[in-house]
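What follows draws every value from the coordinates through simple rules; no lab data is involved. Not measured: the values here are computed from a predicted model. Heads up, the Cβs are rebuilt from the backbone with ideal geometry, glycines too, and the neighbour counts pull from every protein chain shown.
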Amino acid sequence: MYGRKVKLRFFFILLVLSVLILSVFLVLKSLEENVVYFKSPSEVKMIKELNDKKIRIGGMVKKESVEMLKNEINFIITDLKNEIKVTYSGVIPNLFSEGKGVVAEGFLKDRNFFQASKILAKHDENYMPPEVKASLKEK
Amino acid sequence: MMIYSAIGFYSLILGLAMSFPVIFFSIKNFKDNKILDSKIINFSFLQLLLVIISFLGLIMSFVFSDFSNETVFNNSHTSEPLFYKITGTWGNHEGSLLLWLLVLNLFIFIFLIQSRDLLKNYRILTVLFQQIIIIGFFIFLIDTSNPFNHVFPTPSEGLGLNPILQDPALAIHPPILYLGYVGSSIIFSSALAATTLNYISKTWATHFKIWVLISWIFLTLGILLGSIWAYYELGWGGFWFWDPVENVSLMPWLALTTLLHCVLVLEKRSTLTSWVIILSISTFTLSMCGTFLVRSGILNSVHTFASDPERGLFILSFLFILVFISFFVFFVFHKSNRQEIISFSLFSKETSLLINNWIMMYFLSVVLIGTIYPIFLDVISSQKISVGPPFYHKLIIPFLIPFLIFMALGPQLKWIKSRFDEKIYLIFFLIISFITSYFIVKNFSESFLINTILVGSAFYLFLITIRDFLKKKKINFSQNLSHFGFSLFILSILLNNILSNEIITNLRVGETFENEKLQIKFKELKKYEEKNYISFKGYFLIKENKSKEELEPELRVYNQPNIVTSEADIKTTFLKDKFITMNTVQNEEYFNIRYQVKPFMLWIWISVLIISLGGILGLFKNKSL
C-alpha cells in the first residue's frame, strides 16, 4: 500500500522512539537506584522503616566523642537535638575534627548506629555543608 | 600602592565605554557596501588593551599586597610566595571573571584580524553578537563582582589564598580552561552570525573549524590539569569523581567534541548544518551554565569562591537572554539547505559518525541529568540527595562499547557508501582484540564479562589506529592520533580500575602494618618550618615482595588561613604509581594512612596529551582525506 521509502521512514522513527523511551527509562531507573538521600540525626530518628539503602548523615562531630583505633574510628554526629554513633574505617579528610561539620555516607544499622563507608572531604575551613547549616539553624 | 587598583577600575569602566563606538561603527558599516571599517578593529583593540591594563592593575595590587583592595584582602597574604600572589589574582571569583572578560576581548580581536578574507557582514555580525556577551560580562563584573572594591580602614594583613589552590597545576588550570570555555563564545557568535546571513558553507566551515579546534584543545588541557591536581592534591587517589563541578566542564567538552566532528563533516560534505548550529549554541550555553552553577553557590566546591544569590540571578537572566536570542536566530533565519545530500548507505562514514554523535549526546544528557536533578529535587521538594559515581558508570560504560567500535570503524569507511568485501580485515581485527582481551582480563577481575568486552573494544580501536599509522600512506594523521590517544585513554583507565589496590590503616609513629603481601612501616615524623606553613613529614618504608620503597607524605599546617592540607607522595613509574597520603585527627596519636598502587596512571595523562596533540596537529594541516 505504502511505498518502500515511507515504510522505511516509519520503521526508522519507530526505532528512534523506542531507543529514546528505553534510554529515558534506563536513566530514571538507575537514578532511582543510585540516589543517596541526605538526613540529619533527628530525621534518622523519625525514619519509620529501616532499609538497607545507602544514605548520608550530616551534622557536627560531637566534642570529645572521637575515638581512634588501629583500624577504625568512632565518633558521634549530632545536630544538637539528636545524635548518632558512627563507626568508620577509611580515609579521613583533613578538615575532620571535633566541633566541625561533617558528612558521612554509609548504612544505618539501627536508629542509633551508623556504619560509614565514606567521609566526605571538604576543601575549606569556613565551609559547612548547607544541609548541616540548615539543620543547625533550626535551633 | 592604591594607584594600581584605581587604574584597574577606571580602565575597566573605559573598557565598557569602548563597546559603544564598536557597536556604533559596526551597525553603520553593516548597512553600507564598503569594506570593513578599520575603526571597528581599532576600537576593539582599544577595548582589549583597557581590559589588559585593568587585569594588570589587579595583578599589581596582588603583587604589592594592597589590602585596601577587597579582593586582595580576601585572597592574599604577605607571607605567600610571589608566584602564588600572582596566581591568586584569578584564584577568586572577581579576578577570574576579569580573566573571562579579558579572554572574551582577546578572542574577538584575534577573530577580526584572522578573518580578513571572509564576508564583511559576517565579521561585523560576529562582532555584534560577541559585544552582547562582552557588555553582559562588563556589567556583571562592575555591578556584582567588582574586583576593585575598597576596604576602609586598610587592613594590615590579608586573609590569604586557600592553601589547596597554592599549587603550580592549579595556577595555570583556570587560564587554560577559560581559553576553552570562552573560546566557545566565538563559536557561538560566529555560528549565529553565519546563520543570520545564511553563510554556512564549506569556506565558512574551514574557518570555523579552527576556532572549534582551539577551544577544544584548551578545554581538554584545562580539564586534564584540573584532574591531575585533584589526583595529587585532594589525596583521594582518583582523577575523576563525577563531582558536579567536574561535570560542568565535561558537558561543554562533550558538546564541543561532537561539534568538532560535525564541522569536519560540514567541511567535506556540506551536511549536518543544523547539528553545527545547535551544538555551537549548546556549547556556549553549557559553558555559561557551568559558570552559573559554580558561581551562584548552588554547587559546593572549591570553585565556589563566594556564594551570592544576586550573582547567580544575574548570570541566569543573562543566560536566558542569550538562549532567547539564539533560538530566535535559529528559527527565523536558519533555512535548511535543499541541496544537502541526505542519502547515504548504512555502511558508510556518515552512519558511524552520526551514531557516535548520538551516543555523545546521550552521554551529555546523562551527565546533565545527574548534575541538575539533585538541584531540581531540592527546589521542588527540599529533599537533599546526591547522585554518585555508580549512576554515571552504569549508564555510560555500556555505551562505550559501541562508541569505541564505531570510532574504530568510521575512519575506515568511505563517505556515502563503502563496499563490505574490502573491509574483511575489520572483522579479523575485532576477533583478535576480543581474544587478547580475554587473556588479559582472565587473571584479574570479578566483573569479567563486561571488562572483557570493554577492554576488547578499546583494544580494537587501538589496533585499528596503529594499523593506520603503519599501513596507510594517505591517512588523516591528526585524527588518527587523537583516536589512538582515546583508545589508550580508555585502556589505561580500565586497567587502572581493574588492577588498582589500596590499604587504609591507622598507624602511630614507629608502628608497622603488615599483611601477606606487603609491609608499611611508619619510621618517623619530622617538622619543618616553611615560609607560610609548617610541614610535618612522615617517613614510610614500604616492602612489597622484594621491592623496597621510601615514601614521604606531608601534612602542611598553613598559618593564614589556618588550614591543614595533606600532600600525597607519589612515586611514578611507567607502569604504576605508588601513592601514599597521611591524615591526622586533632588530639589523636594515630595517623590515618592510605597507600595505593595505581597501575598505568601516567598513561591516563599521556593519552589525554596525545588526544590534544592530535587536535594541535589538526590546526596546522589544512588538506585532509
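Points to keep in mind about this one:
- Three-way shape label, the range B:1-163, alpha-carbon gyration tensor, a/c 1.5: prolate
- A simple rule links phi to the HN-Hα coupling: the Karplus curve 6.51 cos²θ - 1.76 cosθ + 1.60 with θ = phi - 60°, which for the range A:25-40 gives 4, 4, 4, 5, 4, 6, 5, 4, 6, 9, 6, 10, 7, 10, 9, 9 Hz, with x for Gly and Pro.
- Restraint check, B:Lys442/B:Lys517; A:Lys118/B:Lys527; B:Lys517/B:Lys598, Cα-Cα greater than 19 Å: B:Lys442/B:Lys517; A:Lys118/B:Lys527
- Taking a ≥ b ≥ c as the square roots of the eigenvalues of the Cα gyration tensor, the range B:189-282 is classed as prolate, since a/c reaches at least 1.5 and a/b is larger than b/c.
- Each helix, a run of at least 4 DSSP H residues, gives -39500 (n - 2.57); summed and divided by the residues of chain B, these come to -22000 deg cm²/dmol at 222 nm.
- Relative contact order of the range B:343-475: 31 percent, from C-alpha pairs under 8 Å at least 6 residues apart in sequence.
- For chain B, relative contact order (Cα pairs under 8 Å, six or more residues apart, normalised by length) works out to 11 percent.
- For trypsin sites (Lys or Arg not before Pro), the sites in the range B:97-146 that DSSP calls loop and that have at most 14 other Cβ atoms within 10 Å are B:Arg116.
- Applying a DSSP loop filter and a limit of 11 other Cβ atoms within 10 Å to the chymotrypsin sites (Phe, Trp or Tyr not before Pro) in the range A:1-105 leaves A:Tyr2.
- Violating pairs (Cα-Cα greater than 23 angstrom) within the set B:Lys349/B:Lys471; B:Lys335/B:Lys414; A:Lys62/A:Lys109: B:Lys335/B:Lys414
- The range B:485-580, relative contact order [Cα under 8 Å, separation at least 6], %: 15
- Length gained when the stretch B:Lys571-B:Thr154 is fully extended (0.36 nm per residue, less Cα-Cα span): 145.6 nm
- Protection proxy ranking for B:237-244, B:570-577, B:80-87, using the average of other Cβ atoms within 10 Å per residue and placing the highest first: B:237-244, B:80-87, B:570-577.
- Shielding of B:586-599 by partner chains, average beta-carbon count, 10 Å: 3
- Tensor-based shape of chain B (alpha-carbon gyration tensor, a/c under 1.5 rounded, otherwise prolate or oblate): oblate
- Under the combined filter of DSSP loop state and at most 13 neighbouring Cβ atoms within 10 Å, the range B:495-544 retains these trypsin sites (Lys or Arg not before Pro): B:Arg508, B:Lys517, B:Lys531.
- Within the straight-line cut-off of under 12 Å between alpha carbons, the aspartates and glutamates reachable from B:Lys523 are B:Glu511, B:Glu550, B:Glu552, sequence neighbours fewer than 8 places apart in one chain being disregarded.
- Average beta-carbon neighbours from other chains, 10 Å sphere, peptide B:380-390: 5
- Taking amide H positions as modeled 1.01 Å from N, with prolines and chain starts lacking one, the residues under 5 Å from B:Lys414 and 5 or more places away or on another chain are B:Lys349.
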